[in-house]
There are 2 protein chains.
Amino acid sequence: MAKAAKTAIEPIREENYPEWYQQVIKAAEMAENSAVRGCMVIKPWGYALWENIRDGLDGMFKETGHVNAYFPLFIPLSFLEKEAAHVDGFAKECAVVTHHRLQAGPDGKLVPAGELEEPLVVRPTSETIIGATYAKWVQSYRDLPILINQWANVVRWEMRTRMFLRTTEFLWQEGHTAHETSQEAWEETLRMLEVYKTFAETYMAMPVLTGEKTPGERFPGAVNTFCIEAMMQDRKALQAGTSHFLGQNFAKASEIQFQSREGTLEHAWTTSWGVSTRLIGGMIMTHADDNGMIMPPRLAPSHVVILPIARTPEDEATVLAHCDQIAAQLRTVQYHGRPLNVVVDRRDMNAGEKGWSWIKKGIPVILEIGPRDIAAGTVFVFRRDRTRQDRYGQPAAEFISTAAGLLDDIQKTLFDRALALRAAYTRDIDDWDQFVAFFTPVNKEQPEMHGGFAMSHWCDGADCEKKVNEDLSVTIRCIPLDRGAKGQPGACVVCGKPSTGRVVFAKAY
Amino acid sequence: MAKAAKTAIEPIREENYPEWYQQVIKAAEMAENSAVRGCMVIKPWGYALWENIRDGLDGMFKETGHVNAYFPLFIPLSFLEKEAAHVDGFAKECAVVTHHRLQAGPDGKLVPAGELEEPLVVRPTSETIIGATYAKWVQSYRDLPILINQWANVVRWEMRTRMFLRTTEFLWQEGHTAHETSQEAWEETLRMLEVYKTFAETYMAMPVLTGEKTPGERFPGAVNTFCIEAMMQDRKALQAGTSHFLGQNFAKASEIQFQSREGTLEHAWTTSWGVSTRLIGGMIMTHADDNGMIMPPRLAPSHVVILPIARTPEDEATVLAHCDQIAAQLRTVQYHGRPLNVVVDRRDMNAGEKGWSWIKKGIPVILEIGPRDIAAGTVFVFRRDRTRQDRYGQPAAEFISTAAGLLDDIQKTLFDRALALRAAYTRDIDDWDQFVAFFTPVNKEQPEMHGGFAMSHWCDGADCEKKVNEDLSVTIRCIPLDRGAKGQPGACVVCGKPSTGRVVFAKAY
């Protein structure tokens, strides 16, 4: 199969999607594997994206009444054991600190020494250590609610890792709240789910479905787990964020008790919710193309790069000065409350290579400015969401005055494109044979490529859930919140028993 | 000894300074000890202060050309061993991960399992793991300089911990740069020292001395270490930040090599520099008083709290609405590039208790507004840097239009006060007996309270440095950068041998 045109990323998506993903990360200089198994180095361009994600979400958390705090990295083993389902869920993937110094061994090499009385686990999540703290803070209903979020690193010893999607150490935020009533905790759980959906769609330009996880897919120790799920370009699902209603499970494990308004002693109702650097993997697999990353403008580390095009050494100073002037004007433009981030790329390198480096990084807009543009008062504009053939010249003043609108248009294009992809590969399926065919690879060379999301009926039976997983590596991604409300009962696609409404089946990361 | 007046913090500074420090942290709700040895919980009011420190410094790092990135939490033991002095310096205080899961032991209790082939050290600092990465990134002089900073948690297994000042886990930033020439790395080292000084004095209102550490006090593996040192209210010194010229030591250990302009293969020249949550301890011991914390306005989590004073339930709605209106107007005021952060405290609690809670937290300005103020169009103003007796009424409009200036005045007062303290307790001392007397406790009940900073001559001898430390628990805090330039030779205060200039001697945290 001959390729239509040379692309910056090899292989292209059609050829080998997983390898294309790794190559995009490399070409965009977002991250790389480190010498430590499963841990990545997040490079400046990737980390700046994470900082923007953090700032965007943090603003939404604060608007919904939350404050930030910081809790210890280490969790005593005995704390983790307090909630039975919780420790079962994490015991297999814990980094365990057993010693607190190093000393020379018999052969002169350093070995661990100073064994701890009780091993410490590097937090895989912080329900138990935060719960122990809340137990001290809460005495009366007047001390509730507690609405706290933490930005932190966590460690889960995953066997198979993939940059951003599943790494041993990752960065995340974890909200932990405690409430007086079940109702309040329930409302909080769904409020934060909605915050995640809004963030994913508005900032990340990544459409998501929201719903509840099946009992088998719940967070260890949770009563209910809710999630946002997105479709990647290979039609697989990515769980991008979760919000847990923990009931009184962790409050009982950590003894978070309060004197109620009636004078009785009650356990608090708690929630937790989190998103991680996995979101970056989701953005790559939603927006990047065969030439590299495409950054949604709302989160892009930089919005515009200006490439000075000087044909002769004499031109250079004039062109650079002009570019700096355009950059300065662009930096006065406000884009969603912040000034545009503009780079003038002065690197001494081949112009083609320079331009491609920014295409691969996915900056939303590339401006080329040369002597003729200066004379004509124009700039040459390349929108990263379109092809190089679509580049156009425009009066510089007009570009500046419409830059914010242009970025919003790019943002909308990316969202609409992702939404269209999801719509194209989502089908109502009521028949088992069709269901099997839908999840059968469509491309021999890419065994993972398949139909997409199947909206099918399910009897709520764990056996049927297990069968689709074992036969087809398909899971129920979520049970829509309004399932049943639409009055669409049907028959389980697996066993034919009655179902109250469709659920989302997909292969997933 | 009868106390002059009741204070919010007991004991007061004069009675027991170390205990006063702990009580301020507690009363201001900034942090507390956790169940994990030496690890603290940073509570929302303390963490918001850290976020402001982070944002302020981050802006200065970016202005000086740095970008952020993120490197792994874990360091393979073999990496740490690459630099001999470095591993010697940290081996005694390393948290070591030896296992990657937990499983039920013979008695059913969980025990560590899945032993790692090579133990991993939880980073005490990241020179070695970052060095290994830079070695991959650097091939040619064109790849230099690398100017990267990381915001992260680090762990040092300290035997004696104290909140913020010395904790097992702490938050910090660590800059790691690599350069083509010694000169460039040297300039970077001193540039970042200057950034720290500017930040400490401008944002933290904490005057600092800058200088070089003696060879014995250098960072393990550094060629030169520079520091900022501040005087606390008990006249002890606090090392608040360090900047290290690492020469080619770590470049050789990590094999960071590049092809030079001349075509030869050279080792890069590197630097590292860091400040941590210790800065918060420094701010407390610089500004807090016997009624609690005093936040410098440039870093205060909130600038103004409004206390609605309603005498009757009927007043309440009117007073609250009026307070909200004043708050809204105040939030339109820009203070150093950001809108004022204003709280209306609606908590249903005793007015006195409410007011004291904010005094203890150290918010710069407390406004009281009641029905009579509303009628008169005034507010009642309490500046936290003055006493309650100094409170005054003022037309609300005037308060709002001068609020930014008022905060700047408070900031200046705090700085001037700290500077005056340092001046009062810094003395040129040329005589050994006077030197001994200066560092002898001035107060029997507080064995730590002593003279302050002695500016004395030193022969550069390690023996004299050691004697001072062993006899008096005094260390050389820094050798002023301009030592000798002032042409003030003298005789070593310990041994009488020639000295090129005075150095700073003090007891230290």
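A count restricted to segment A:115-145 and to residues that are in contact with a Leu (Cβ under 9 Å, 6 or more places away or on another chain) and more than 8 Å from every other protein chain (Cβ to nearest Cβ) stands at 6. Of all the residues in segment A:481-498, those that are modelled with pLDDT of 95 or more and either in the same structural domain as A:Met232 (by TED's automatic domain parsing) or surrounded by 17 or more Cβ atoms within 10 Å (Cβ to Cβ) (or both) number 3. Count of segment A:38-54 residues, restricted to those that are more than 9 Å from chain B (Cβ to nearest Cβ), in contact with a strand residue (DSSP E or B) (Cβ under 9 Å, 6 or more places away or on another chain) and either surrounded by fewer than 21 Cβ atoms within 10 Å (Cβ to Cβ) or free of Cβ contacts under 8 Å to residues at least 40 places away in the same chain (or both), is 1. Counting only residues that are not hydroxyl-bearing (Ser, Thr, Tyr) and not in a helix (DSSP H, G or I), segment B:367-417 holds 17 of them. Of all residues in segment B:141-166, those that are on the phi > 0 side of the Ramachandran plot have Cβ atoms under 9 Å from Cβ atoms of residues that are in a strand (DSSP E or B) and crowded, with 18+ Cβ neighbours inside 10 Å, 6 or more apart or on another chain, in B:Phe164/B:Ala31; B:Phe164/B:Met40; B:Phe164/B:Ile42; B:Phe164/B:Phe170; B:Phe164/B:Ser276. Consider segment A:95-116 and keep the residues that are more than 15 Å from B:Trp157 (Cα to Cα) and touching a Gly at 6+ places or on another chain (Cβ under 9 Å). The one that is modelled with the highest pLDDT is A:Val96. Among the candidates B:Ala27, B:Ala48, the residue that is in contact with a Gly (Cβ under 8 Å, 6 or more places away or on another chain) and under 30 Å from B:Tyr335 (Cα atoms) is uniquely B:Ala27.
Inspection of segment A:65-79 finds a residue satisfying the criterion of being surrounded by fewer than 17 Cβ atoms within 10 Å (Cβ to Cβ), modelled with pLDDT of 95 or more, assigned by TED's automatic domain parsing to the domain that holds A:Leu165 and in contact with a strand residue (DSSP E or B) (Cβ under 9 Å, 6 or more places away or on another chain).
Being more than 10 Å from chain A (Cβ to nearest Cβ) and closer than 20 Å to B:Gly274 by Cα is a property that does not hold for B:Thr167.
Let's see how each residue does on (1) out of contact with any helix residue (DSSP H, G or I) (no Cβ under 8 Å at 6 or more places or on another chain); (2) not in a loop (DSSP other than H, G, I, E, B):
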site: A:Cys459; (1), (2): yes, no
site: A:Asn469; (1), (2): yes, yes
site: A:Arg477; (1), (2): yes, yes
site: A:Gly484; (1), (2): yes, no
site: A:Cys495; (1), (2): no, no
site: A:Val504; (1), (2): yes, yes
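Exactly one residue out of B:Thr270, B:Thr210 is assigned to a strand (DSSP E or B), over 15 Å from the mean Cα position of the chain (by Cα) and not assigned by TED's automatic domain parsing to the domain that holds B:Pro441: that is B:Thr270. Just one of (1) touching a residue at least 40 places away in the same chain (Cβ under 8 Å); (2) hydrophobic (A, V, I, L, M, F, W, C); (3) over 30 Å from B:Arg383 (Cα atoms) fails for B:Ala205. It is (3).
Considered as a group, the residues in segment B:1-32 that are in contact with a strand residue (DSSP E or B) (Cβ under 6 Å, 6 or more places away or on another chain) and outside any loop (DSSP other than H, G, I, E, B) include one that is surrounded by the fewest Cβ atoms within 10 Å (Cβ to Cβ), and that residue is B:Glu32. Being within 29 Å of A:Ala95 (Cβ to Cβ), in contact (Cβ under 8 Å) with a residue 60 or more places away in the chain, more than 14 Å from chain B (Cβ to nearest Cβ) and polar (S, T, N, Q) holds for only one residue in A:Asn224, A:Asn249, and it is A:Asn249. The lone criterion from (1) small (Gly, Ala, Ser); (2) facing another protein chain (nearest Cβ under 7 Å); (3) buried (at least 24 other Cβ atoms within 10 Å of the Cβ) left unmet by B:Ala91 is number (3). Among residues that are in a helix (DSSP H, G or I), over 22 Å from B:Glu29 (Cα atoms) and in contact with an Asp or Glu (Cβ under 6 Å, 6 or more places away or on another chain), B:Thr318 is not included.
The values are calculated or read from the model by the stated rules, or taken from the named source; none is laboratory data. Note that this is a predicted model, so its numbers are computed, not measured. Positions of Cβ are generated from backbone atoms using ideal geometry, with glycine treated the same way; all protein chains shown enter the neighbour counts.
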